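The values are calculated or read from the model by the stated rules, or taken from the named source; none is laboratory data. Just so it is clear, the structure is predicted and the values come from calculations on it, not from any experiment. Cβ: placed from backbone, ideal geometry, glycine included. Neighbour counts: every protein chain shown.
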Amino acid sequence: MPEVLMPELRMHLTKVAQLHSYTVTQLHKNDLLQGNGYAPMPNALYVKYPSASQSFAWQYFFPSTLKRPWLDTDKLARWHASPSTLRRAFKQAVKQANIYKHVGPHTLRHSFASHLLEAGTDIRTIQTLLGHKNLETTMIYTHITPDYKHVDSPLDRLKR
C-alpha cells in the first residue's frame, strides 16, 4: 500500500464508519440501529462468532449502497461495491481529467506494472505483485519505450 495514499484511505474508512459519501447518512451506524449492519463472512466463522459480522472490522472497505438478504436468514448484509459502480466512477474521473483515450480501471494495473519496470523494479518482483504464474503475462502488462541510448554492451565494460 503506497504510504502517500494512507491519509486519504483513513479518511474514507472513517466515512464508511460514520457517513455514506452519496447520501450523507450514517451508513453502518444506521444499519446497526435497523438490526442489520451485517457483512458476509465465512459460514464456519459466522456460526462460531455470530455477532462478529456486525462489527466494523468485517465491513467492506468500499461497501455497496444496497443491502441484500444474507444466507437463508432475514438479515440484510451490505456487500462490496459493484464493479459497475467502480467503472462509472472511473469514467467520470477520466472525463474530469480531460483524458480522451479509451481507459478503464484495468488500465491502472498496466500502468502500475509499467511504472515499476521503468523505475528499475525487477520483472520477477512485478510478476509476484501482479499474481501472474507466467512471466510472459507480466511482459504483456508492461508497456515501456526502450531506451537504447543508455544501454552498454558487456563487451564495452571489459577492461582491455
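Matching residues to (1) in contact with a Pro (Cβ under 9 Å, 6 or more places away or on another chain); (2) more than 22 Å from Arg10 (Cα to Cα):
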residue: Thr65; (1), (2): no, no
residue: Asp72; (1), (2): no, yes
residue: Ala77; (1), (2): yes, yes
residue: Ser82; (1), (2): no, no
residue: Ala97; (1), (2): no, yes
residue: Arg109; (1), (2): no, yes
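Got a number for residues in segment 63-109 being surrounded by 14 or more Cβ atoms within 10 Å (Cβ to Cβ), of a type outside the set (A, V, I, L, M) and more than 19 Å from the chain's Cα centre (by Cα)?
3
Do we find that Tyr60 is aromatic (Phe, Trp, Tyr) and exposed (fewer than 10 other Cβ atoms within 10 Å of the Cβ) in this structure? Let's see the steps before the verdict.
On the way: aromatic (Phe, Trp, Tyr): yes; exposed (fewer than 10 other Cβ atoms within 10 Å of the Cβ): no.
When the stated conditions are applied, Tyr60 does not pass them.
Taking the conditions exactly as written (charged (D, E, K, R), within 17 Å of the chain's Cα centre (by Cα), modelled with pLDDT of 90 or more and not in a strand (DSSP E or B)), does Arg124 satisfy them or not?
When the stated conditions are applied, Arg124 does not pass them.
Evaluate segment 35-57: report whether one residue or more is touching a Leu at 6+ places or on another chain (Cβ under 6 Å) and surrounded by 13 or more Cβ atoms within 10 Å (Cβ to Cβ).
Yes, that holds for at least one residue.
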